[in-house]
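The values are calculated or read from the model by the stated rules, or taken from the named source; none is laboratory data. What you see is a predicted model, and the numbers here were worked out from it, not measured in a lab. Heads up, the Cβs are rebuilt from the backbone with ideal geometry, glycines too, and the neighbour counts pull from every protein chain shown.
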Amino acid sequence: MRLGKRDLFTLEMIKDTLVSIADEIFVSLARTSRSSNIYETLDYSCGITDGSGETIAECTGAPVFSGVISSAVKEATRAYGREGLTDGDVIMMNDPLSAGTHLNDMTLVLPVFIDHELAAFDASKAHWMDVGGPNPGSWSTTATEIFQEGILIPPVKLYSRGFLNRELLDVIRSNVRISPEEYSQVAALRLGAKRIVDLCKKYGLETYRRAVRRYIEYGSQTSYRALKNLPKGTFEADDYVDNDGLSDKPIYVKAKVTISDELFQVDYTGSAPQNRGPFNCSLVATKCGAGIAFRAVTDPHGPSNDGFYRPLRVVAPKGTLFNAQRPAPFSNYYELVSYAADLICKALSKDVPGILPAGGSLSPCPTLFAGTDVKGQTFVIHEDHYGGWGASMRRDGQNVLCPYVDGDTRLFSAEILEAKYPLLIEQYALNTLDKSGAGKFRGGLGCVKDYRIIDPGIRSVTGVFGRSRFPPWGVRGGKDGSCNYMLIFNANANKPLRKDKITGLPLKVGDMVRLVTGNGAGYGSPLKRDPRLVLQDILERCITVRDAKDAYGVMAKRNGRELDLIETRKLRMELLKHNRLRKELA
């Protein structure tokens, strides 16, 4: 049926209103939450689906959360059936096999009814600071079963017809160390439901549904159109995950990407079996990781609905680390989601120039400092730490930028952290300890952050730094970047302890924990780098003169003549103008 201009305007208004409602849910949750992990770092996401569970609008939160909301809504519908859902219900769950991530991420789903007809769902997924288990923060690098990671909740009604299920909430509270965030999530979802009801009453339920169907179809048309601009064929890449947390054995991962005008298929067959340790992800999460890369190479600004992902097909055999089955542990699922996206980018990086950068630090590098306050209450400080992105075809890589899975999450303010907790941030700087990936354009810099323990209230630290053994990959002659790692300076030890994964490491006053995130890889041959950019890097202390000589010095011969970017006369004269560099150049 053809639509007139007036109808198109109405449909556009409904679509934009739904997007703004998702954003309002997001803001409301941040304003009402008591957890710094929510209101400070925005470690959550929100979305709206139609009555069948197809996503129609999402906020700009963590991509790995928003990408699995549709699966959670459909699982809630399967659990109760459409006839078993009523106005006032709120379903909660955190099972990774349906909700997609790990136990800390609690999903709440609220069905929205218009005149007793199911019109939509709104949902939020937020990282709760603790869901039980042996370790404060419920995070582990040593778990061998999901049952060791905290309380596992299948789809169950937290509210039924508007009445709180107090017995369920009592069970949850009896199993966690820190108060859950259920009320702020419920309040935000109820606000979203009110906005959706108002929208449907304004335009009518049928007009609303027609607008939703058209918007989902528009998403599909957008991605299929973008797909035609991609190179066709089969592209492959492989890599290694550092280990499973229980041994030092590296874990092989691979992906085969097949692109046609109608299909973008990613096949992870050949990757290692699911890990014994907590480095696995569900098929739901793997699809989300593939979706992040798919959006990057098609249309990053396209509609954020399920229609957009119709060309995407994901294959991952059961029992592999990209489709792990019960009772596999999932604490560090995000590492595998990151690789699910990164393998696609690596496979396509040479064939879609100008779109994809070289490899970056990849891992969110989370840490959890746990302790007790003056009242004897447990607290957990959860932070992610960002590294450098790889260089691209036209520019150097970005410094200290969110990895794929974190999206619009934020770094924890050092001032707020010091004000709330007994820690001192002694250094927060760009990572010039390690070399960034050299190239025509160099990789972005990671960070170095030093935490000094100044109070016995801080008891332990847990940290998971991926890409600690296998550095980011360069493109078209660009050099690899550097790895992520932690250094533990014990007050009584002579040498720091270098680690990539630790669970509940005891700390005492005077100890220092140094977190180092990796530098991104380079793009293009270092011989092609503009000498003025090398000079700028030296002057800004991104690299030393010695490192510059190593990276951009005599690299090769052309027509019998040695190429030496640092020692070219023009650049040397420029460097000698800066007095503080004279001795280094002597």
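For segment 495-505, a residue qualifies if it is part of a strand (DSSP E or B) and touching a residue at least 12 places away in the same chain (Cβ under 8 Å), and the qualifying residues are ARG498, LYS499, LYS501, ILE502, THR503, GLY504, LEU505. If ASP450 meets every condition in (1) of a type in the set (D, E, K, R); (2) over 20 Å from GLY520 (Cβ atoms); (3) at pLDDT below 95; (4) under 24 Å from the mean Cα position of the chain (by Cα) apart from one, which number is that one? Result: ASP450 fails condition (3) only.
If you check ILE21, ILE38, ILE56, ILE48, which single one turns out to be touching a Phe, Trp or Tyr at 6+ places or on another chain (Cβ under 9 Å) and over 16 Å from LEU108 (Cα atoms)?
Numbers: ILE21 fails: touching a Phe, Trp or Tyr at 6+ places or on another chain (Cβ under 9 Å); ILE38 fails: over 16 Å from LEU108 (Cα atoms); ILE48 fails: over 16 Å from LEU108 (Cα atoms).
From the options ILE21, ILE38, ILE56, ILE48, the qualifying one is ILE56.
For the criterion of being on the phi > 0 side of the Ramachandran plot and either at pLDDT 90 or above or not assigned by TED's automatic domain parsing to the domain that holds HIS102 (or both), GLY51 fails.
Once segment 9-44 is narrowed to residues that are at pLDDT below 90 and out of contact with any helix residue (DSSP H, G or I) (no Cβ under 9 Å at 6 or more places or on another chain), the residue that is farthest from ASP408 (Cα to Cα) is PHE9. You will find that of ALA328, ALA391, the residue that is of a type in the set (A, V, I, L, M, F, W, C) and not assigned by TED's automatic domain parsing to the domain that holds GLY522 is ALA328 and no other.
Annotation: of all residues in segment 248-272 being aromatic (Phe, Trp, Tyr) and surrounded by 22 or more Cβ atoms within 10 Å (Cβ to Cβ), the one that is farthest from the chain's Cα centre (by Cα) is PHE264. So in segment 409-433, with the set limited to residues that are of a type in the set (A, V, I, L, M) and within 19 Å of VAL380 (Cβ to Cβ), which one is surrounded by the fewest Cβ atoms within 10 Å (Cβ to Cβ)? In this case the residue turns out to be ALA419.
Inclusion of ALA419 among residues that are among the small types (Gly, Ala, Ser) and assigned to a loop (DSSP other than H, G, I, E, B) is not warranted.
When ALA187 is evaluated against the numbered criteria (1) surrounded by 17 or more Cβ atoms within 10 Å (Cβ to Cβ); (2) in contact with a helix residue (DSSP H, G or I) (Cβ under 8 Å, 6 or more places away or on another chain); (3) part of a helix (DSSP H, G or I), which criterion, by number, is the only one it fails? Checking ALA187 against (1) surrounded by 17 or more Cβ atoms within 10 Å (Cβ to Cβ); (2) in contact with a helix residue (DSSP H, G or I) (Cβ under 8 Å, 6 or more places away or on another chain); (3) part of a helix (DSSP H, G or I), the one that fails is (1).
Between SER304, SER282, SER361, SER331, the distinction of being in contact (Cβ under 8 Å) with a residue 12 or more places away in the chain, under 18 Å from the mean Cα position of the chain (by Cα) and surrounded by fewer than 24 Cβ atoms within 10 Å (Cβ to Cβ) belongs to SER304 only.
Residues in segment 212-262 that are under 30 Å from ILE502 (Cβ atoms) and not in a strand (DSSP E or B): ASP242, ASN243, ASP244, GLY245, LEU246, SER247, ASP248, LYS249, PRO250.
Rundown of residues vs (1) within 20 Å of the chain's Cα centre (by Cα); (2) under 21 Å from ASN332 (Cα atoms); (3) not in a loop (DSSP other than H, G, I, E, B), yes/no style:
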site: THR409; (1), (2), (3): yes, yes, no
site: LYS435; (1), (2), (3): no, no, no
site: GLY463; (1), (2), (3): yes, yes, yes
site: SER468; (1), (2), (3): yes, yes, no
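Filter segment 448-461 for residues that are within 10 Å of LEU507 (Cβ to Cβ) and assigned to a strand (DSSP E or B) and give the result. First the steps, then the outcome.
To start, the set of residues in segment 448-461 that are within 10 Å of LEU507 (Cβ to Cβ) comprises 451, 453, 456, 458-461.
Matches in segment 448-461: TYR451, ILE453, ILE458, ARG459, SER460, VAL461.
Tell me, which strands (runs of 3 or more DSSP E) wholly within segment 27-131 include 3 or more residues that are in contact (Cβ under 8 Å) with a residue 24 or more places away in the chain, in contact with a Leu (Cβ under 9 Å, 6 or more places away or on another chain) and of a type in the set (Val, Ile, Thr)? Even if it seems obvious, please write down each step before you answer.
Values: elements: 44-50, 55-58, 90-93, 105-114, 117-127.
Filter on segment 27-131 gives 105-114.
The rows are residues; the columns are (1) small (Gly, Ala, Ser); (2) within 30 Å of ILE538 (Cβ to Cβ).
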{"residue": "PRO403", "(1), (2)": "no, yes"}
{"residue": "ILE416", "(1), (2)": "no, no"}
{"residue": "ALA419", "(1), (2)": "yes, no"}
{"residue": "LEU423", "(1), (2)": "no, no"}
{"residue": "LEU433", "(1), (2)": "no, yes"}
{"residue": "ARG442", "(1), (2)": "no, yes"}
{"residue": "ASP450", "(1), (2)": "no, yes"}
{"residue": "ASP455", "(1), (2)": "no, no"}
{"residue": "VAL464", "(1), (2)": "no, no"}
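One line per residue, one yes/no per condition, for (1) of a type in the set (D, E, K, R); (2) at negative phi; (3) modelled with pLDDT under 95:
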site	(1), (2), (3)
THR234	no, yes, no
ASP248	yes, yes, yes
TYR252	no, yes, no
ALA255	no, yes, no
ILE259	no, yes, no
GLN265	no, yes, no
LEU283	no, yes, no
ALA296	no, yes, yes
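Check segment 488-501 and report whether any residue there is aliphatic (A, V, I, L, M), out of contact with any Cys (no Cβ under 7 Å at 6 or more places or on another chain), over 30 Å from VAL464 (Cβ atoms) and surrounded by fewer than 20 Cβ atoms within 10 Å (Cβ to Cβ). No. Selection of segment 116-155 for residues being more than 19 Å from ALA76 (Cα to Cα) and among the charged types (D, E, K, R) yields ASP130, GLU145, GLU149.
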